[in-house]
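What follows is one structure encoded as structure tokens, with my remarks underneath.
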Amino acid sequence: MEIVLATRNRNKVKEISEKLKIPELSILNLDNFKNFPEVIEDRRTLEGNAVKKASEISSRTKHITLADDTGLEVDILNGAPGVYSARFAGEGCTYQDNNIKLLKLLSNAPKSKRGALFRTVVAIKVPGKKAITVEGRCRGRIDVKLSGTKGFGYDPVFIPSGYKKSYAGMSLSFKNKISHRGKALDKAKKLLLKLMKEK
Ligand code: ITT
């Protein structure tokens, strides 16, 4: 069976590909399909965006498609940046801009008030069928500084509960074992194995 990953984020592709190493499953990414316009992520929920990405790419490729939409929900910011995590510091901003903005906003918050939730919704769309979604969550806190050199996005500022290192201080395979995306992908993997049996 073949699936397409509906993401332009190469770090996500790496994490997803590592988790979905299933014999007889080939993973294609958007580099395999030329000149696709970008999917506009204009829904107000992670689920809405994940389903939109999976559905648009599936209807273009005619393949089973998996999409991921992720957000970082910070308690003291009432759940922001959440679904707007990519553009937190403005259109065209870098990961560094987002992290610096977050650290600045929380500069007066004590450790006990720095709680946050990372949430991933994965949508799987089989052509002709309704998209299915699964979710993975990881609680943690926003550190007072950036640390670690691995990963991407908010990894250098997010310390998962029960650990001392940020995600960016962990190997890809360790992050994948405990992370929001890893947990969503464990559920997605079960769905894919079921689909493969039915084929
Ligand atoms: P696609 O929509 O093409 O999949 P994206 O990078 O736009 O890629 P999201 O909208 O899901 O992905 O991500 C929202 C933001 O959250 C963005 O700034 C990401 O860098 C960040 N992010 C997503 N997953 C993350 C993770 O596992 N660790 C740290 N930051 C992450």
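The values are calculated or read from the model by the stated rules, or taken from the named source; none is laboratory data. Quick caveat, the model's predicted, so the values are computed rather than measured. Don't worry about glycine lacking a Cβ; one is built from the backbone with ideal geometry, like all the others, and counts go over all protein chains shown. Keep in mind that these areas ignore ligands, DNA and RNA; they rest on the heavy atoms of the full protein, side chains included. Shrake-Rupley method; radii C 1.70, N 1.55, O 1.52, S 1.80 Å.
Note on segment 124-139: among residues that are over 16 Å from GLU15 (Cα atoms) and not in a loop (DSSP other than H, G, I, E, B), the one that is farthest from the ligand (Cβ to nearest atom) is ILE132. If I filter segment 140-166 down to residues being closer than 20 Å to ILE16 by Cα and outside any loop (DSSP other than H, G, I, E, B), which single residue comes out as most open to solvent (accessible area, probe 1.4 Å)? Filtering segment 140-166 for residues that are closer than 20 Å to ILE16 by Cα and outside any loop (DSSP other than H, G, I, E, B), the one most open to solvent (accessible area, probe 1.4 Å) comes out as PRO156. Against the conditions (1) within 14 Å of the ligand (Cβ to nearest atom); (2) touching a residue at least 12 places away in the same chain (Cβ under 8 Å); (3) charged (D, E, K, R), ARG60 satisfies every one except (1).
The residues of segment 1-38 that are of a type in the set (A, V, I, L, M, F, W, C), within 13 Å of the ligand (Cβ to nearest atom) and at pLDDT 95 or above, listed by number, are VAL4, LEU5, ALA6, VAL13, ILE16.
Quick one: is THR94 at pLDDT 95 or above and surrounded by 20 or more Cβ atoms within 10 Å (Cβ to Cβ)? For THR94, the condition - at pLDDT 95 or above and surrounded by 20 or more Cβ atoms within 10 Å (Cβ to Cβ) - is not met. Inside segment 151-173, residues that are aromatic (Phe, Trp, Tyr) and either within 23 Å of ALA123 (Cα to Cα) or away from the ligand (no atom under 16 Å from the Cβ) (or both) make up a count of 2.
Every residue, every condition in (1) open to solvent by 40 Å² or more (accessible area, probe 1.4 Å); (2) assigned to a helix (DSSP H, G or I); (3) of a type in the set (S, T, N, Q), yes or no:
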{"residue": "ILE3", "(1), (2), (3)": "no, no, no"}
{"residue": "ARG8", "(1), (2), (3)": "yes, no, no"}
{"residue": "ILE16", "(1), (2), (3)": "no, yes, no"}
{"residue": "ILE27", "(1), (2), (3)": "yes, no, no"}
{"residue": "ASN35", "(1), (2), (3)": "yes, no, yes"}
{"residue": "ASP42", "(1), (2), (3)": "yes, no, no"}
{"residue": "ASN49", "(1), (2), (3)": "no, yes, yes"}
{"residue": "ALA67", "(1), (2), (3)": "no, no, no"}
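Per this entry, ASP186 is not counted among residues that are acidic (Asp, Glu), more than 20 Å from ILE22 (Cα to Cα) and more than 9 Å from the ligand (Cβ to nearest atom).
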